[in-house]
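As structure tokens, the structure follows; a few thoughts come after it.
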Amino acid sequence: MLFIVMYLMWFLFNGRVTVELAVIGVLVCGGLYYFVKKFIREENRESILKGHIFDFIKYGLILFIEIIKANIAVMKLILNPNMSQWHPTFITFHSNLEDERLRVILANSITLTPGTITVGMEGKEFTVHVLDHREEDSVENGIFAQELLKMEKR
């Protein structure tokens with residue numbers, strides 16, 4: 001099933017179907033499938049999505065909306081001729097998430113959002129660069145952390 005999904009995505013991302021793409025797709029997807037089956041041990045196959053698929057769909061929509069909102073905020077900063085309004089800084093905060101995979105998702109979500117970059121994550125401690133220090137609270141206690149905490153508690 002995994003191979004079929006990867007193969008279909010291969011064609012979806014390529015945007016066309018040709019004999020060459022079909023052959024290369026079989027080789028690439030076959031190699032990826034072999035790698036996943038050989039190097040990901042049985043105990044690591046427990047999916048973080050198990051029982052949370054609708055939560056992750058909701059999270060994906062929230063992430064998409066937050067990326068759009070952050071793009072607008074960054075564009076306002078960029079288009080403003082007064083650069084003295086920019087207050088870039090590093091912030092450090094502690095996450096209450098116990099699951100390391102969820103902490104990685106939090107770090108990646110922060111990085112995907114324009115204007116913020118996760119530059120360090122050690123245990124539950126995050127270091128994030130923000131374009132404007134006024135965004136500090138929205139990173140530390142933001143919607144990403146809240147939604148992931150809700151998922152972890154279920």
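Within segment 65-83, the set of residues being closer than 14 Å to GLU147 by Cα and either at pLDDT below 90 or surrounded by fewer than 11 Cβ atoms within 10 Å (Cβ to Cβ) (or both) is empty.
Residues considered: LEU32, LEU8, LEU21. Of these, the only one that is modelled with pLDDT under 90, closer than 26 Å to LEU102 by Cα and among the aliphatic types (A, V, I, L, M) is LEU32. Within segment 75-98, the set of residues being in contact with a strand residue (DSSP E or B) (Cβ under 9 Å, 6 or more places away or on another chain) and more than 16 Å from THR118 (Cα to Cα) comprises LEU77, GLN85, TRP86, HIS87.
From the list ASN96, ASN108, the lone residue that is out of contact with any helix residue (DSSP H, G or I) (no Cβ under 8 Å at 6 or more places or on another chain) and under 19 Å from LEU148 (Cα atoms) is ASN108.
The values are calculated or read from the model by the stated rules, or taken from the named source; none is laboratory data. Quick caveat: nothing in here was measured; it's all calculated off a predicted structure. So basically every Cβ, Gly included, is an ideal-geometry build from the backbone, and we count neighbours across all protein chains shown.
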